[in-house]
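The values are calculated or read from the model by the stated rules, or taken from the named source; none is laboratory data. A quick note: this is a predicted structure, and the numbers were derived from the prediction, not measured. Cβ placement follows ideal geometry from the backbone for every residue including glycine, while neighbour counts extend to all protein chains displayed. Only protein heavy atoms, including side chains, enter the accessible area calculation; ligands, DNA and RNA are left aside. Shrake-Rupley method; radii C 1.70, N 1.55, O 1.52, S 1.80 Å.
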Amino acid sequence: MGGHTPATAVLSKVRASADDLSIWPASTTRLTHGELAIGGVPLTEIAERFDTPAYVLDEGEVRARCRTYRDAFPEAAVLYAAKAFLSRAVVRWVREEGLGLDVCSAGELELAVTAGFPPERIVLHGNAKPPRDLEAALRLGVGRIVIDSPSEIARIAAAVGPGGRRQKVMVRVVPGVSAGGHDKIRTGTDDQKFGLSLTDGAAQHAIARVLGQPELELTGLHCHIGSQITDVKPYLVALRRMVGLMARVRDAHRVVLAELDMGGGHGIAYRPGEPVLDLTTLARRMRAELVEGCAAAGLTVPRLAVEPGRAIVGPAGVALYRVLTVKHTGEKVFVAVDGGMSDNPRPALYGVRYAPRLVGRASTAGSCTATVVGRHCEAGDILAADVELPGDIRPGDLLAVPVAGAYQLSMASGYNLVGRPAVIAVHEGSARTLVRRETLEDFRSRDIGG
Ligand code: LLP
């Protein structure tokens, strides 16, 4: 144990991981001179044609991931969580692949429906749904509304009104399971804002009230324990508790609920070698737990639903930046690029570590440890701390960050009026703009105060 690893072994390990494409889209290919192509399109060509920063989204990878879910969960409803990233093209891909949609605002809902998504396949979430959002949900005929607080019950019932079309609803339950990649994305316990507690009886109370509302039809229960979860166990514990609650609902109210939505949160790797939630195992073990739990409780097996966001679009996206400056400060090397925390707040918010890579140029230089920073006026604007890059990294180089498809652009901000990057779809050798770059004209047109 202990001892020193020979320097050559360290170097080859660093090289191997720098060259590891395991977390990149499956369509990624190596071309000559350090070039990479995704969906058949070289990244340098995208940078030249569409400018940087650009977010490249591999349509084939998104579709393949949707299909992997359909295959892994043949008996379940798979709803794509739109908050990870939504555009009209994504709405179409997800629809064509047979998934449903989870939305959490009137914005996401209207974008999806106006892009042709069937409203009955949409579930509306939100811990605090504004009247405007509820109005849109009822007007558009959303499939399910997930009740997240007691006051919503009367509000939704009143909005439906006597003789109105009965609205299908679910109740979001907090099952008391702690899981998730960071404190800010753990939602399975009572110390956070989402859902109704199983332990203090708030969930049971809300269920009883919903059942007493003729305007509402309770189709089932929902829970979402957290995000970036790489272990199957917390899902099984949560599922067992949810089945237990369903049995108590049957005993107390003589109502057998037909649906059980276990939310999303399925973890992915941001750097080579990081753990990933295995979907086949998850699906098999959840199914087994559900069937056994229901048999033991004498319940009819409800239809399961899952709501993956990150695991569908995350690995399908690559962020492409141009290096603007390289600064040597004491022991540190800062590589500054033309984007940053306004297009990717995740390192600053959750301490997530990414694996950027030089593309479009071969380098024979040894590697150096560098910190990739953005161009914003803030010292915390760090995209990737202490990563290995070629020692001759220089202004004009292109850096690509894989696994950039989820919760980056959907959380992008207007900080420093830098403007949000374009989203470019690649597929079978061609590239097209899905969302255009935000421009000075966009800022000026909203700023009407004069
Ligand atoms: N269903 C519900 C009710 C959710 O709240 C979420 C995520 C999902 C499904 C999808 O979870 P996913 O499969 O994508 O992990 N901004 C954070 C993640 C926040 C997740 C919020 N809810 C991040 O960048 O990691």
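Here are a few things to note about the model shown:
- First in region 65-92 and closer than 19 Å to Val403 by Cα, second anywhere and of a type in the set (S, T, N, Q), Cβ under 7 Å, 6 or more apart: Lys83/Ser410; Ala84/Ser410; Phe85/Ser410; Leu86/Ser410
- Conditions (1) touching a Leu at 6+ places or on another chain (Cβ under 8 Å); (2) more than 13 Å from the ligand (Cβ to nearest atom); number of the one not met by Ala305: (2)
- Residue identified as open to solvent by 40 Å² or more (accessible area, probe 1.4 Å) and without any contact (Cβ under 8 Å) to a residue 12 or more places away in the chain among Asp200, Asp231: Asp200
- Qualifying positions in region 141-158 - surrounded by fewer than 17 Cβ atoms within 10 Å (Cβ to Cβ) and part of a helix (DSSP H, G or I): Pro150, Ser151, Ala154, Arg155, Ala158
- Qualifying residue in region 50-64 (condition: assigned to a helix (DSSP H, G or I), within 16 Å of the ligand (Cβ to nearest atom) and farther than 19 Å from Val435 by Cα): no
- Going through (1) over 16 Å from the mean Cα position of the chain (by Cα); (2) within 15 Å of the ligand (Cβ to nearest atom); (3) of a type in the set (Val, Ile, Thr) one by one, Ile268 falls short only on (1).
- Filtered residues of region 138-152 (kept if within 20 Å of Ser197 (Cβ to Cβ) and under 28 Å from the mean Cα position of the chain (by Cα)): Ile145, Val146, Ile147, Asp148, Ser149, Pro150, Glu152
- Any chance Pro119 is more than 30 Å from Leu358 (Cβ to Cβ) and either touching a residue at least 40 places away in the same chain (Cβ under 8 Å) or more than 17 Å from the chain's Cα centre (by Cα) (or both): yes
Every residue, every condition in (1) free of Cβ contacts under 8 Å to residues at least 60 places away in the same chain; (2) within 13 Å of the ligand (Cβ to nearest atom), yes or no:
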| position | (1), (2) |
| --- | --- |
| Gly164 | yes, no |
| Glu215 | yes, no |
| Gly226 | yes, yes |
| Arg241 | no, no |
| Ala247 | yes, no |
| Arg254 | yes, no |
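- Consider region 348-369 and keep the residues that are open to solvent by less than 40 Å² (accessible area, probe 1.4 Å) and within 16 Å of the ligand (Cβ to nearest atom). The one that is nearest to Pro395 (Cα to Cα) is Tyr354.
- Residues in region 1-39 that are modelled with pLDDT of 95 or more and farther than 30 Å from Glu59 by Cβ: none.
- Subset of region 320-337 [surrounded by 19 or more Cβ atoms within 10 Å (Cβ to Cβ) and within 19 Å of Gly380 (Cα to Cα)]: Tyr321, Val323, Val335, Ala336, Val337
- Complete set of residues in region 162-197 that are more than 18 Å from Ala305 (Cβ to Cβ), in contact with a Phe, Trp or Tyr (Cβ under 9 Å, 6 or more places away or on another chain), open to solvent by less than 80 Å² (accessible area, probe 1.4 Å) and outside any loop (DSSP other than H, G, I, E, B): Ile185
- Gly98 in a loop (DSSP other than H, G, I, E, B) and within 16 Å of the ligand (Cβ to nearest atom): no
- Matching residues, region 405-428, being within 16 Å of the ligand (Cβ to nearest atom) and of a type in the set (A, V, I, L, M, F, W, C): Ala406, Leu409, Met411, Ala412
- Residue count, region 85-95 (criterion: within 16 Å of the ligand (Cβ to nearest atom) and in contact with a Phe, Trp or Tyr (Cβ under 6 Å, 6 or more places away or on another chain)): 1
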